[in-house]
Amino acid sequence: MKITAVLLAAGQGTRMKSSTPKVLHTVGGKPMIWHALQAIQSATTEKPVVVVGHGAEAVIAYLADTAQTVLQEPQLGTGHAVMQAEALLRSMTDLVVVCYADMPLLRGETLQKLVETQKQNSGPISMLTVVADDPRGFGRIIRGEDGTVKAIVEEYVATPDQLQVKELNVGGYCFDANWLWEALHRIPKNPKKGEYYLTDAVELAVKDGLPVQAVVMDDLEETIGVNTRVHLSECEAAMRRRINQMHMLNGVTMIDPASTYIESGIEIGRDTVIMPNTHLFGKTVIGERNVIGPNTIIRNSTIGNGCKILSSDIESAILEDDVDMGPFARLRKGAHLGNHVHMGNFGEVKDSYLGEGVKMGHFSYIGNAQIGANTNIGAGTITCNYDGEKKHATEIGEDVFIGSDTMLVAPVKLGNGARTGAAAVVTKNVAEDTLVVGMPARAIRKLERKPKKSQK
Ligand code: UD1
Ligand code: CA
């Protein structure tokens, strides 16, 4: 059986007061429409059709080839919107799932339940409803004395009695396709707004003598539709609770989930502790037994196991295992810290590899550098990697000791076991096991290297 979704995303979203199309506003770091498509995917068999209109260009660009799109121009209501998909889908699908792209919390499981209900339904419509005290402007579900669904009445046309009804139209439907295509043409134009309401399809089915099934949802949160930025923030908070709960149930400790901000799609290993005010964004993967935060931001990065990251900012970087970082350390794109690296306060690393056991305690900038194992970077060390036009590389060997406040004027190489005196300005390569001092630093004597204590 072919099941295809039609996702409505053509409306203007006037109440958002935004130049960004409503469905591209983000929740949990992903556009609302991404969440809707995610839910749809688990309940349908075919590529979805998205109805676009306002801001179509931006929405189409975002969707790329994840969906087919049809343009609704002008936007004459939700019934009219679904009609735009008829030419694409007629005789191509058995069931049509319709949902609205401004409901980012709706779960795939809920749509699956909806589809299963329609598969058993001898009538042409199954729909999602919820019982709630706060109607939030939703359409009211009108049931007959026998309890069967008779109609959906929009709030602004409802009678005082109908306004009291607590069962609401969530905005998710599964239709028998053949019935739907024919019925859409029978939906009357709403006399007040001149629009064609999809919700009127329910009355048409009832008039045809065909049963309409309702799936009554119990999670009110899932039904939040975003019409204003206040609703957007409600969704954000609910999404955060949902994401954090999932991680906690998978074995991640959170000291204060309410102040822990994790986007959708991030992986975190067991026994990792996330401290308050930590933000994890993008394509980030975090291993086991780490302690992250408080006050840490990690974006598009990979963190190994057993690391400690305190009050730091990490972007597009890699940490191997048992790295100890912060407070106030910054990793930029292409930073790669090997096992057991220690990076203390006020350091910055970009496009560089720090080998196993490197220590960089305080106030350093390392850019375009490769640093060998167990090297010590003294306080205030700078790789002078930029000459105003180009970036140049610095290569530092193993067991090197860089004295405080050393300037490494790239391109430059320091051999294994080399040593620089405090405030050296290194403009020339330094041979292995050689001590350099001064400005510019020059060799003054050959060193004896002591065997290193092994790393713990
Ligand atoms: C709609 C329902 C209401 C339900 C509520 C749940 C109708 C008539 N009403 O009301 O019963 O309780 O959702 O949130 O369906 N859209 C188009 N083209 C249009 C008009 C709308 O694509 O011409 C899209 C919008 O972009 C939006 C969705 O359809 O994603 C819903 O439209 P909206 O105007 O938000 O409907 P509501 O007034 O919220
Ligand atoms: Ca809405």
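Structural remarks
- Largest first, the three principal axis extents of the alpha carbons in segment 107-220 are 35, 33, 28 Å in whole numbers.
- Nearest 10 degrees, 0 to 90: helix 32-41 Cα axis against the chain principal axis: 70
- Within segment 229-446: Cβ-based charge dipole about Cα centre, in debye rounded to nearest 20 (Lys, Arg +1; Asp, Glu -1): 380
- The base-10 log of I(q)/I(0) for segment 164-316, evaluated at q = 0.09, 0.17, 0.21 Å⁻¹, reads -0.50, -0.94, -1.29 [Debye formula, identical scatterers on Cα atoms, solvent excluded].
- Dimensionless Rg over Rh [the chain; C-alpha; Kirkwood]: 1.18
- Heavy-atom accessible surface of the chain, averaged per residue, reaches 46 Å², computed with a 1.4 Å probe.
- Nearest-ten-degree value, helix 229-249 long axis tilted from longest Cα axis of the chain: 60
- Label separation (Thr253 vs Asn295): 2.2 nm, computed from points 7 Å beyond Cα along the C-beta direction.
- Packing rank of 162-169, 34-41, where each peptide gets the mean count of other beta carbons within 10 Å, highest leading: 34-41, 162-169
- Cut-off 13 Å between beta-carbons: net charge of the residues surrounding Gln72, Lys and Arg +1, Asp and Glu -1: -3
- Hz values of 3J(HN,Hα) by residue in segment 98-107 - Karplus curve (6.51, -1.76, 1.60), Gly and Pro given as x: 10, 9, 9, 6, 9, 10, x, 9, 4, 8
- Label point distance in nm, Glu73-Thr159, each placed 7 Å from Cα along Cα→Cβ: 4.3
- Calculated [222 nm] ellipticity per residue, helices only, for the chain: -5000 deg cm²/dmol; basis is -39500 (n - 2.57) per DSSP H run with n ≥ 4, divided by all residues, nearest 500.
- Taking amide hydrogens as placed 1.01 Å from N in the peptide plane, the amide H of Ala369 sits under 5 Å from those of Ser352, Tyr353, Thr394, each at least 5 positions away in sequence or on another chain.
- For a straight C-alpha distance cut-off of 14 angstrom, no aspartates and glutamates are reachable from Lys17 once same-chain residues fewer than eight places away are disregarded.
- Shape of segment 297-339, Cα gyration tensor, a/c cut at 1.5: oblate
- Extension gain, Ser122 to Glu57: 0.36 nm times the residue separation minus the Cα-Cα distance gives 19.4 nm.
- Available extension along the chain between Leu447 and Ala393 is 16.9 nm, counting 0.36 nm per residue and deducting the alpha carbon span.
- Against the compact-protein benchmark of 2.2 N^0.38 Å, the Cα-based radius of gyration of segment 339-456 scales to 0.96.
- Of Lys30/Lys308; Lys333/Lys390; Lys359/Lys391; Lys47/Lys189; Lys150/Lys207; Lys308/Lys359, pairs whose Cα-Cα distance is over 19 Å: Lys30/Lys308; Lys359/Lys391; Lys47/Lys189
- Distance cut-off 32 Å, percentage of C-alpha pairs in segment 229-446 lying past it: 27
- Residue-span extension gain [Gln12 to Glu234] - 0.36 nm each, minus C-alpha spacing: 77.9 nm
The values are calculated or read from the model by the stated rules, or taken from the named source; none is laboratory data. Just so it is clear, the structure is predicted and the values come from calculations on it, not from any experiment. Cβ: placed from backbone, ideal geometry, glycine included. Neighbour counts: every protein chain shown. Please note that ligands, DNA and RNA were not included when accessible areas were found on the heavy atoms of the full protein model with its side chains. Shrake-Rupley method; radii C 1.70, N 1.55, O 1.52, S 1.80 Å.
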